[in-house]
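J.: Okay, handing you the structure first.
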Amino acid sequence: MAKIVIVESPAKARTIQKYLGNTYEVIASMGHIRDLPSKDGSVNPDANFAMVWESDPRAKKQITAIAKLVKEGSSLILATDPDREGEAISWHIVEALREKKVLKDQPITRVVFHEITKRAVTEAIAKGREVDQNLVDAYLARRSLDYLVGFSLSPILWRKLPGSRSAGRVQSVALRLITERETEIEGFNAQEYWHVEGQFLVGTHKPFVAKLVSYKGEKLDKFSLIKETQTQDVVATLKDLTYAISSVETKQTQRKPAAPFTTSTLQQEAARKLGFGARKTMRIAQQLYEGINIGAESIGLITYMRTDGVTVSQEAIAGARTHIAKAYGGDYLPADARVYATKTKNAQEAHEAIRPTDITRTPDGVKTYLDDDQLKLYTIVWQRMAASQMANARYDQLSVTINDASKDHTFRATGSTCTFDGFQRVYREGRDEADEDDETENLLPPVKSNERADAKTVTGHQHFTQPPPRYSEASLVKKLEELGIGRPSTYASIISTLLERNYVRLEKKQFIPESRGRIVTAFLEHFFNKYVAYDFTANLEESLDEISRGEKAWLTVLGDFWQNFTAKIADAGELRTSEVLDRLNDDLAQFLFGAQKDRSCPSCSKTDGGTLSLKLGKFGGFIGCSRYPECKFTRQFMDQSTAEESITEGDGAESNEPKLLGTDPVSGLEITLRKGPYGAYLQWGEATKPKEKPKRATLPRGVTPTNLTLEKAIEIGQLPKTLGKEEESGDDVVLNIGRFGPYVKVGKIFASIPSSMDIFEISLAEAIDLYTKKKSAPPRAFGRKAKK
């Protein structure tokens, strides 16, 4: 009788089966086998928060397959992922098997491993334990909270804000961050300021630039000079004076390497350096973790990718140090191994950082086995781990101070020279726009104190303060982590949900809130402020962590939350729509009306005094006249995404003349952008025969005439694209774009691709998952219900 091992994915099952041999039977659960159904009553607060679990047809089929094996097996080994979600899946499996009455006296053990290598798997199998009920309770509490918030708040939104989709415990807080940043940008008033710099020549050295830091004995700050005339007076005073070097200071500085990746820092760095979204990063990391065919065997190349810990095993540290000494020499190896501690709130320190399972598998050594995206992600994981155990980079920093003869005016120049690259030989950390720091070397000549410095030029330079940048995926994840909101496994899904709900859009890799997202945020901030407060959400995350550590009872946490929350829901249910609209008109005045203080209706205000205000219709918000229905003036919110849907003048908008993008390298045909009755489209070549129709393609979601490139057009031209075969039916899995957007087609079944997914980045597994969900979904009902 075989020992039955249950993991989450088929790829992992295949890899582990090879490691364990014929005495074990490894089967995949295919992720979660049960979930809370999306309907009222799945969690019952009045029955001690009892939950109703449900399995979809795919999961039922998998449970049956698992039950059959377990019934005939000698023992059950639960080897799902090493986090709370994995612990919950193991618990669900045991519960489902008990319901089927196939568990008798077989021993049940839970094993965890953070990397899929033969050593790690065999060691884990020998160290079985029981399912950790504290982790399961934390999962149950989280699922209950998310369900109760969503199913309590969403109906309020539907009734009070038509066109709104949903609200969520964490997604609403992330949305608030994005909308608050946009409000900051819109309300930002640029402030002018100037700085003065001189170009100085010392002896025969090359001239160098120094900045004025003191004028007439007073230290200058950023806004000391705010007008051009003021600056010109300063320049006139300084340009003909005699200067000399008053001091030269030299000091040595060092830069330390960053810690190995956590889930958050990996997502941030992949976004900065590789342009990967959080979802794509996690998908590729999952592939690298579960196993890549290297020659004759499948090997997990990185450790588990959902972690907020930065600790690394002693074995991995020793391996990295050995490799560094061999590959780069002893100078690059610090005397002592580096040990990192996380600064993230509520981090689970038991989880290792993301690192290569074997540092000797360099990116060059495995590149023939990886696709381009896999190689890119593996490379930064490998580089980050190697650099984390390397020596500091060392710099000589030089500061030169220049004074006039009276010592009333001071210029200063600073520069640095890298004297030893250290860890930077392997890796430099990326930076967010808001954290940009010029790391380029500024070389200064070898000057000495009291040397004469001739001012070749003295000039003033104008600047304006800049608004804070919009959040990118990287900076949003970083902010959520700083606030202690969400967890490693949730960042990608938070972002996907906001995009799917059309609350935000990604433009030039930055989040911009849509009008419905701003309205929802304003509503929640005013009527449910506590529940979208950053501190409250972070404290709730801390409570969930305390449950996972056995320090709090999960039912107590739920009870305390629900008692206050349900009272707030009841109050909101009594709100009149007019109250909501009055408040939103005030809260969103800048967004709705801009600088327009006079809100008079352009249609009737001169005769009847109508005013403009926010109105709500079946499909969402719009601006309308207060005298409706007598005055029917309305206007929509002008979201930038809507405005860009049309081709701008000069691109053929008026004359419908095609805009040439370039030549398709495959067909040799010219690709042109055109405008038709249903919007912009692409065309390949021209018709050469009567009734011949040239190839045409609709622009996919997110691609507009203003951001369309030849490369993207060529990519669009490859559709429809066959990814492979669906195993059960044998039908082709095809990607394409239709009248209603991008879709997956298998046989006669069409499955829409959600807005959070890029049609050009979807894997075969993801496409099959969309098809499977569509296939197992109940048929939609059309028409009115029959009368009883």
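J.: Using the Cβ atoms and a cut-off under 12 Å, what net charge is assigned to the surroundings of residue 54, where Lys and Arg are +1 and Asp and Glu are -1?
T.: Numbers: positive: 34, 39, 60; negative: 35, 56.
Net charge in that neighbourhood comes out at +1.
J.: Could you tell me the distance between the Cα centroids of the stretch 268-340 and the stretch 724-758, to the nearest Å?
T.: 34 Å
J.: Also, quick follow-up: So how strong a dipole does the stretch 197-241 carry about its Cα centre when Lys and Arg Cβ are +1 and Asp and Glu Cβ are -1, to the nearest 20 debye?
T.: Working: 7 positive and 6 negative charges, 29 e Å.
That gives the stretch 197-241 a dipole magnitude of about 140 debye.
J.: Keeping every protein chain in place, order 746, 734 by accessible area at 1.4 Å, biggest value first, i.e. largest first.
T.: Details: 746 5, 734 30 Å².
In descending accessible area the options line up as 734, 746.
J.: Still on this structure, please answer the following. How much of the accessible area of the chain, in percent, comes from carbon and sulfur atoms when a 1.4 Å probe is used?
T.: Values: 19480 of 40180 Å².
That share works out to 48 percent.
J.: Can I ask one more? How high is the relative contact order of the stretch 302-425? Use alpha-carbon pairs under 8 Å, at least six apart in sequence, and give a whole percent.
T.: Working: 169 pairs, mean separation 34.4, N = 124.
About 28 percent, as a whole number.
J.: Rounded to the nearest 20 debye, what is the charge dipole size of the chain about its Cα centre when +1 sits on each Lys and Arg Cβ and -1 on each Asp and Glu Cβ?
T.: On the way: 111 positive and 107 negative charges, 503 e Å.
For this selection, approximately 2420 debye.
J.: Next question. Using Cα centres only, tell me the gap between the stretch 227-245 and the stretch 30-57 in whole Å.
T.: Distance between centres, Cα-based: 74 Å.
J.: Classify the chain: rounded, prolate or oblate, from the alpha-carbon gyration tensor (a ≥ b ≥ c, eigenvalue square roots; a/c under 1.5 rounded; otherwise prolate if a/b is larger than b/c)? Could the numbers behind the result be given before it?
T.: On the way: a/c = 1.61, a/b = 1.20, b/c = 1.34.
Taking the square roots of the gyration eigenvalues as a ≥ b ≥ c, the chain is oblate.
J.: Treating cross-link reach as a plain straight distance, find the aspartates and glutamates whose alpha-carbon is under 12 Å from the alpha-carbon of residue 219, omitting any fewer than eight places away in the same chain.
T.: Correct list for residue 219: 408.
J.: If packing is taken as the average number of other Cβ atoms within 10 Å across a peptide's residues, how do 30-40, 497-507 rank, most packed first? Before the final figure, lay out the partial values.
T.: Values: 30-40: 15.5, 497-507: 20.5.
So the peptides 30-40, 497-507, ranked by packing, come out 497-507, 30-40.
J.: Please list, or write none, the lysines whose alpha carbon is within less than 17 Å of the alpha carbon of residue 100, excluding same-chain residues fewer than 8 places away.
T.: Output for residue 100: 60, 61, 68, 71.
J.: To continue, here is another question. Which log10 I(q)/I(0) values does the stretch 468-561 give at q = 0.13, 0.16, 0.17, 0.26 Å⁻¹ under the Debye formula, counting every alpha carbon as one identical point scatterer?
T.: Each listed q maps to, in turn, -0.55, -0.80, -0.89, -1.40.
J.: Filter 479/530; 479/721; 407/456; 104/773; 160/745 down to the pairs with a C-alpha to C-alpha distance above 28 Å, please. Before the final figure, lay out the partial values.
T.: Numbers: 479/530 19 Å; 479/721 38 Å; 407/456 19 Å; 104/773 33 Å; 160/745 38 Å.
Listed pairs above 28 Å: 479/721; 104/773; 160/745.
J.: How would you rank 567-573, 537-543, 517-523, highest first, on the average number of other Cβ atoms within 10 Å across their residues? It would help to have the intermediate numbers written out before the result.
T.: Working: 567-573: 13.4, 537-543: 18.0, 517-523: 25.9.
Those peptides, ordered most packed to least, come out 517-523, 537-543, 567-573.
J.: Which residues' amide hydrogens lie under 5 Å from the amide hydrogen of residue 699, considering only partners 5 or more residues apart or on another chain, with H built in the peptide plane?
T.: Here the answer is 682, since their amide H atoms fall under 5 Å of that of residue 699.
J.: Which of the peptides 14-26, 140-152 is most tightly packed, and how do the rest follow, going by the mean number of other Cβ atoms within 10 Å of each residue? Kindly include the intermediate steps, with their values, before the conclusion.
T.: On the way: 14-26: 16.9, 140-152: 20.5.
Per-residue mean Cβ counts within 10 Å order the peptides as 140-152, 14-26.
J.: Rank 342, 663, 263 by accessible area, highest first, at a 1.4 Å probe radius? Don't skip to the answer; put the middle values down first.
T.: Details: 342 30, 663 75, 263 0 Å².
Greatest to least solvent exposure: 663, 342, 263.
J.: Can you give the relative contact order of the chain as a percent, counting alpha carbon pairs under 8 Å and 6+ residues apart? Spell out each step's value before the answer.
T.: On the way: 1334 pairs, mean separation 98.9, N = 788.
That works out to 13 percent.
J.: Roll a 1.4 Å probe over the protein chains and send me the accessible area per residue for the chain in Å². Please list the in-between numbers first.
T.: Working: 40180 Å² over 788 residues.
Accessible area per residue, the chain: 51 Å².
J.: May I pose another question? For the chain, give me every cysteine whose Cβ has no other Cys Cβ within less than 4.7 Å, ordered by residue number.
T.: 418
The values are calculated or read from the model by the stated rules, or taken from the named source; none is laboratory data. Note that the structure is predicted; figures quoted are calculated from it, not measured. Positions of Cβ are generated from backbone atoms using ideal geometry, with glycine treated the same way; all protein chains shown enter the neighbour counts. Only protein heavy atoms, including side chains, enter the accessible area calculation; ligands, DNA and RNA are left aside. Shrake-Rupley method; radii C 1.70, N 1.55, O 1.52, S 1.80 Å.
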